[in-house]
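One structure is given here, and the rest of the page talks about it.
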Amino acid sequence: MIGLEVVFDVSVAVLLVVLALESLYTPNLFTSIAFFIAFGLVMALAWVRLQAPDLALAEAAVGAGLTGVLLLDAAREIAAVRGVERTPRSMVRLTSLLVAAGVGVALVAALLEVPPRAAGLAEAVREALPLTAVEHGVTSVLLDFRALDTFFETAVLLLAVITVLVLQAHQHVRIIPWELSASPVLSGLVGLLAPVVLVFSGYLLWAGTHAPGGAFQAGVLLGAGGILLELAGVHTVSRLPRRALRWLLSLGVAGFALLSGTLLLAGRGLLELPGAGARTIVIALEIAIAVSVALTVVSLVVGSNLRLEPPEQEP
Amino acid sequence: MDTFLTFALTGVVLFSLGLQEVLARPGVLRMLIAVNVMGSGTLLFFVSLAHRHADGPDPVPHALALTGIVVTLAATAAGLALARGLHRLRAEGSGGRVEGGRVEGGRSQGAGYERGRSESGRDEQGRADR
Amino acid sequence: MVLDGLSLLAVTAGVLFFVSGTLGILRFPDVFSRLHALTKADGLGLGLIVLGLALQATSLAVIGKLALVWIVAALSGSTACYLMAHFELERAQEPHDRA
Amino acid sequence: MSAAVAWLIWLPLAAAVASFVAGAGRARRALGLAASVVMLLPALLVFEAVRRDGPQRYLVGWPAPLGIELRADLLSAALVLLTACVGLLVAAYASASLTDPPSQHAVDPPAAFWSLWLLLSAGLNALYLSTDLFNLYVALEMVTLSAIGLVSIPGTRATIGAALVYLLATLVGSLAFLFGVALLYGAHGTLELYELGRLLEGGPLAWSAMGLMTLGIMVKAAFFPLHFWLPDAHGHALPAVSALLSGLVVKGGFYLLVRVWFDAFPNVLLPSFGLALGLLALVGIVWASLHAVSEGRLKRLLAYSTVAQLGLMLLTVPLAIAGPGGGVGASITPGVEPGLALALSHGLAKAALFLSAGAFIHAAGSDALSELGGVARRLPLALLAFALAAWTLLGLPPSGGYEAKALFEQAAAVGPIPWQLVVQGGTLLTALYLGVALRAAFEPAAARKRLRAVPLALQIPPLLLAALAVGLGLLPLASGAP
């Protein structure tokens, strides 16, 4: 029955390429975004085929969901007015085709040289796993072996939010006015879903230590719940006082800074987790990251300076 | 044609497709879509490398791809905010009053934020604040 | 063996409903009928597939999770359908201001 | 001693969070300034440690293949010190020039400067110290996104447009870099730079990985011909931001190219690659210098000058390839000294030029060269800074630039191609466009033109930077081989 798996893989691969082609080459922008969202979902399927459930969770929530929402909202504001699509001149399209084809051929040649049977760092991780605080390979790599990557990643998220908030302060980015009147059906659904989202993201966070899941997936899910609430007119994030919002947004980086600061003072490496209590540290760190990711997600999509009350003076 | 080769090739194809569309310089939104397709292709290639061993995949590329997804999201979100900002400025520049956004005085025309700039509003505020 | 046959049957039926939903989108003239076709067919299709998988499930927890997947999908699907229909109804009445 | 390496990364990140969260604008400014001052200490400690007893290694957590290691050799320690020095003085200038309007938004644009600057310096330090390729990719993203945030602070149509072009270009660049990293991981199962250097041999995989990574770095460092986004980004941003971008961010790209070419692909490097890069640099120098001469606005002139000076810096690559190879453990990649000397002197000088340009624009109210008349008499200190910095870029005797030129002479004498002629030509062109700028400043002020007074606090930092640039020549960097 091996043939069936290959058939499934090849069909997912072909579907991915077809959706990418559709998304890149349809004239209408909204159709292009719709195909991009479908592409994101099939991408999640590809991650499942590659036995990477963590990535499938993240891809479905981030790749298809969040990026799709951001694109649709930007397209609604930009394309609606301009409408006409600037079709690139044929000369430019030809040269770009040649360059891309050249790169593609070079990469295929390189791919043929990649050894088909190699374990990479799989054994090294498996041997060192018992020494870490978590049992799940991906989470141990993210928060123990390569914790510096994740530290920088939370800083990158903070940077994105700062840039977006600076633009919102200029009133350049009109916050989505959500003409949607909070219809009873929507608030009914949100009323039902909010607790489920909360419990499920808590579960995802906890499961991260021994099964697929973890801080980022839980954070994005929590963020999606936050967006749903904002949509239904329950303004949670946009009503936060500015100082509290800034605290929560930078919680991920602050958590890492606090942890690594104490480790350095204790004479250990920058992110060399201590043997005892490492598990609680990792869980605390994951909660901090999840909260900051959730707030970042909501701020990126809904925007946080929907000042309903007059701007209060900072102390 | 095992799983590794199938998805590695798809990664290469997606990367080249995205690169081709970016170099063709369509509108900003399409370029961001193309960049996301490129990113997905790159990460797909990276993770397919983890699947070349009989007993279980190598978790390192999975963790790196997760970081890659989050970094691509951050960059795309910043890009989209900039694109919307540029669009509104163009709309404002061409005289179209912007409904909804609070446009006070010369503020959104680009306050240089430098103390004592020529805009009158800026000077008092700066001096009052010292 | 009987279980495998049953779940195979359920899953194929589910897939058939999905296909009919997609056909509905392609063939039907306006937004409302498309929404109708899509939500009904996909909701039921997913239910059948979940049923088929539940038969193969080893533990009760898996069945519980599958049921949760189905309920949430059906709920959000129908809400989205309602919102789109509601928005379309409003938009259809007032003249088109934007392209 | 090597713990100082860790403080170099921890300090800016912790300070960035503190200044982001701080309430009042003044508190943010104070935190930003304090952090920039304190950053000097670990930078000096690391530089001293490297100069005294060779490269420093530091384990962040787990050892190499699994974990991430930091390594500071002379090249990275010198550039980290440059980042700290230029950063401190630019921070001093920014705290004097940026206003603190009462906070009305989640993030008020001028207050964002501080957390963005600190995150930029954290990214740069990580870029200079990390030996893990994927970690370098994330550090590159940190540097790029903070630079884009800094450019878009004023919120004018020009800055946001420039930031958008900057983002799109560098996004493609970082994905190309990431694909190269993926190829290398696929081939050898490790991401550690020096380990890969030992394992990698020539072949389609190594060449395409090197090609992709080089393309990515060239876009991010604005090497000719992929520099199209730089003139707008550096030309329209706030003077303090342009000083940071031209002085520091551009050096990160140069450093990464040198590190990847000489430490990750030593056995893959062919002299023809160096020749190709040298020719590109040559065309770039001429092209950018001509643009600079014909440029009507001061900051864009300086931005094009950055592209030209980058071309000069790149000339060290063909020289190093042709030059005598050194042992792997050498405290600095052999043959790179000329490029490093030029990078340091250009970093200090260009930051001084942009800050003094900021003082000029502050007085004249506009960036156009035609409007700068009479500035020379009103702002003697700023003009002195501008002149001293120009003195360094021209490589006249006592300055750091002179040291760099001397090193280029020594290296080129050995190699087959007379690259030092290109260096001299480049310097001549530099004289041309800096002359254009100076002449505009010495023009008699137009009758009705009223120049605004410029506080001393805006003139001191550029003067100090220019003095440092000239003082660099006195250090034994050139003469004694480290």
Task: the range D:1-129: relative contact order as a whole-number percent, Cα under 8 Å and 6+ apart - done: 37 percent
Task: Simple Cβ-charge dipole of the range A:1-87, Lys/Arg +1 and Asp/Glu -1, about Cα centre, in debye nearest 20 - done: 240 debye
Open item on the list: What three numbers, in Å, describe the spread of the alpha carbons of the range D:1-53 along their principal axes, ordered from the longest?
Closed with: 44, 15, 9
Open item on the list: To the nearest 20 Debye, how big is the dipole of the range D:272-482 about its Cα centre, given +1 on the beta carbon of each Lys and Arg and -1 on that of each Asp and Glu?
Closed with: 880 debye
- [ ] Based on other C-beta atoms within 10 Å, arrange D:85, C:81 from fewest to most.
- [x] C:81, D:85
- [ ] Using label points projected 7 Å from each Cα along Cα→Cβ, tell me how many nm separate residue D:439 and residue C:2, to one decimal.
- [x] 10.0 nm
Task: Degrees separating the helix D:337-364 axis from the principal Cα axis of chain D, which is the longest one - done: 20 degrees
Task: Cβ-defined net charge surrounding residue D:6, 13 Å radius [Lys, Arg +1; Asp, Glu -1] - done: +1
- [ ] Give the relative contact order (percent, whole number) for the range D:274-385; include only Cα pairs under 8 Å separated by 6+ residues.
- [x] 25 percent
- [ ] Could you list A:139, A:209 in order of exposure, starting from the residue whose Cβ has the fewest other Cβ atoms within 10 Å?
- [x] A:209, A:139
TODO: Go ahead and run the numbers for FRET between residue D:294 and residue A:22, Cβ-Cβ distance against an R0 of 45 Å, rounding to 0.05.
DONE: 0.50
Task: Linear extension gain, residue A:7 paired with residue A:101, 0.36 nm per residue minus alpha-carbon span - done: 31.2 nm
- [ ] Would you work out which of A:58, A:165, C:25 lies farthest towards the positive end of the dipole of the protein assembly as shown, given +1 charges on the beta-carbon of Lys and Arg and -1 on that of Asp and Glu, about the Cα centre?
- [x] A:165
- [ ] Using the charge dipole of chain D (Lys, Arg: +1 at Cβ; Asp, Glu: -1 at Cβ; taken about the Cα centre), state which of D:253, D:203, D:63 has its Cα farthest towards the positive end.
- [x] D:253
Open item on the list: Among A:233, D:243, B:34, which residue has its Cα furthest toward the positive end of the charge dipole of the protein assembly as shown, with +1 on Lys/Arg Cβ and -1 on Asp/Glu Cβ?
Closed with: D:243
TODO: Could you let me know the centre-to-centre spacing of the range C:1-35 and the range A:46-60, using Cα atoms, in angstrom?
DONE: 25 Å
- [ ] Determine the shielding of peptide D:23-29 by partner chains: average, over its residues, the number of Cβ atoms on other chains within 10 angstrom of each Cβ.
- [x] 2
Task: Principal-axis tilt of helix D:25-53 within chain D, Cα atoms, nearest 10 degrees - done: 40 degrees
Open item on the list: Mean Kyte-Doolittle hydropathy of -1.0 or higher plus an axial Cα length of 18 Å or more: which whole DSSP H helices in chain A meet both?
Closed with: A:2-25, A:29-49, A:67-82, A:90-113, A:147-169, A:184-207, A:215-231, A:251-265, A:278-301
TODO: Could you list the trypsin sites (Lys or Arg not before Pro) in the range D:378-455 that lie in coil according to DSSP, counting only those with at most 13 other Cβ atoms within 10 Å of their Cβ?
DONE: D:448, D:450, D:452
Task: Student exercise, the protein assembly as shown dipole from Lys, Arg, Asp, Glu Cβ charges, in Debye to nearest 20 - done: 2800 debye
TODO: Could you check the simple spin-label distance between residue C:85 and residue A:89, using points 7 Å along Cα→Cβ, in nm with one decimal?
DONE: 5.2 nm
Open item on the list: I'd like the orientation of helix D:271-293 relative to chain D: the angle between its Cα long axis and the longest Cα principal axis, in ° from 0 to 90, rounded to 10.
Closed with: 10 degrees
Open item on the list: Can you work out the Karplus-derived ³J(HN,Hα) for every residue in the range D:132-144? Use 6.51 cos²θ - 1.76 cosθ + 1.60 with θ = phi - 60°, whole Hz, and x for glycine or proline.
Closed with: 9, 4, 5, 4, 5, 4, 5, 5, 4, 5, 4, 4, 5
Task: Cβ neighbours within 10 Å from other chains - mean over D:134-147 - done: 6
- [ ] May I ask for the net charge around residue D:72, where only other residues with Cβ less than 13 Å from the Cβ of residue D:72 are counted and Lys, Arg are +1 while Asp, Glu are -1?
- [x] +1
- [ ] Please report how far the C-alpha centroid of the range B:24-44 lies from that of the range D:384-413, rounded to the nearest whole angstrom.
- [x] 43 Å
Open item on the list: Taking 8 Å as the Cα distance limit and 6 or more residues as the minimum spacing, I'd like the relative contact order of the range B:3-96 as a percentage.
Closed with: 29 percent
Task: 15 Å beta-carbon shell around residue B:13, net charge (K/R +1, D/E -1) - done: -3
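None of the figures in this text is laboratory data; all of them are computed from the coordinates on show. These figures come from a predicted structure and were not determined experimentally. Counting neighbours? That spans all protein chains shown, and the Cβs are built from the backbone with ideal geometry, glycine included.
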